[in-house]
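The values are calculated or read from the model by the stated rules, or taken from the named source; none is laboratory data. As the structure is a prediction and not an experimental result, all values here were calculated from the model. With ideal geometry, Cβ positions are generated from the backbone for all residues, glycine too; neighbour counts draw on all protein chains shown.
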Amino acid sequence: MGHTSEEVDAEIDAGRFGMAEETGRMLNEAIVRGAHDREGLGESVGHYINRRQGQFPNRETSILATGAKLGIPVTVHVAIGTDIIHMHPSADGAAIGATSLLDFRRLAAVVSGMEGGVYLNLGSAVILPEVFLKAVSLGRNLGHDLTNITTVNMDFLAHYRPLTNVVRRPTQKGGKGYSLIGHHEIMVPLLAAAVHEELG
């Protein structure tokens, strides 16, 4: 919706953190429908936003809505219990699992064809480095060499998993891994400008 509706520190002591009714209801409704329609989790939430244009005035800046509209996969990788919507009574573990598993398979398919490509990990210190490492292993298991890949981890601190599972392990067979430390609001525009300049 364009802003956060709660402060964790202010709400956790009273047990109110994560109890916004609309967030859990809407996202879980989107996920259940997506499971029924055999969509990935990212795709299902994107379609939900696009179908309810009046409810989401900032949808034009939504990566999920834009991906769904353009048919570009935007994947979501869930660890049950890490999101506030898992506390909501409408949470459906089977739907969450089915849609997130489909998203993992889509990501693995993209990674399998990543020879000569680049993977950017922006600020995920645990979940995405683990997911990416498994996608690389799966791709290689299916016969894709992935010996010429470039991986980049960007964060404002150095963490074990991104350095190991994004920068080092996937490129030890070939390619290059980079760790860029700094604030995203500075580093991402600088990286985009450097790529744009290099491409001419």
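Annotations for the structure displayed:
- When LEU163, LEU146, LEU142 are screened for being of a type outside the set (Gly, Ala, Ser) and either outside the structural domain of MET187 (by TED's automatic domain parsing) or within 19 Å of the chain's Cα centre (by Cα) (or both), only LEU163 passes.
- Residues of the stretch 16-35 that are under 26 Å from ALA109 (Cβ atoms) and not basic (Lys, Arg): LEU27, ALA30, ILE31, VAL32, GLY34, ALA35.
- Pairs with Cβ under 6 Å, 6+ apart, first in the stretch 17-30 and modelled with pLDDT of 95 or more and buried (at least 16 other Cβ atoms within 10 Å of the Cβ), second in a helix (DSSP H, G or I) and not aliphatic (A, V, I, L, M): ALA30/SER44; ALA30/TYR48
Conditions (1) in contact with a strand residue (DSSP E or B) (Cβ under 7 Å, 6 or more places away or on another chain); (2) outside any helix (DSSP H, G or I); (3) surrounded by 15 or more Cβ atoms within 10 Å (Cβ to Cβ), marked per residue:
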{"site": "LEU138", "(1), (2), (3)": "no, no, yes"}
{"site": "HIS144", "(1), (2), (3)": "no, yes, yes"}
{"site": "THR150", "(1), (2), (3)": "yes, yes, yes"}
{"site": "ASN153", "(1), (2), (3)": "yes, yes, yes"}
{"site": "PRO162", "(1), (2), (3)": "yes, no, yes"}
{"site": "VAL167", "(1), (2), (3)": "yes, no, yes"}
{"site": "SER179", "(1), (2), (3)": "yes, yes, yes"}
{"site": "VAL195", "(1), (2), (3)": "no, no, no"}
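- Pairs where the first residue, in the stretch 116-138, is in the same structural domain as LEU191 (by TED's automatic domain parsing) and closer than 19 Å to LEU157 by Cα and the second is among the hydroxyl-bearing types (Ser, Thr, Tyr) and in a loop (DSSP other than H, G, I, E, B), C-beta under 6 Å, 6+ apart: none
- Any hit, the stretch 148-162, residues being without any contact (Cβ under 8 Å) to a residue 40 or more places away in the chain and within 21 Å of GLY18 (Cα to Cα): no
- Check on ARG38, assigned by TED's automatic domain parsing to the domain that holds SER100, out of contact with any strand residue (DSSP E or B) (no Cβ under 9 Å at 6 or more places or on another chain) and over 26 Å from VAL111 (Cα atoms): no
- Residue within the stretch 85-107 that is within 26 Å of ALA192 (Cα to Cα), surrounded by fewer than 20 Cβ atoms within 10 Å (Cβ to Cβ), touching a helix residue (DSSP H, G or I) at 6+ places or on another chain (Cβ under 9 Å) and not β-branched (Val, Ile, Thr) present: yes
- Inter-residue pairs, beta-carbon under 6 Å, first at pLDDT 95 or above and in the stretch 40-56, second in a loop (DSSP other than H, G, I, E, B), 6+ apart: LEU41/VAL76; GLY42/VAL74; GLY42/THR75; GLY42/VAL76; ILE49/PHE56; ILE49/SER62
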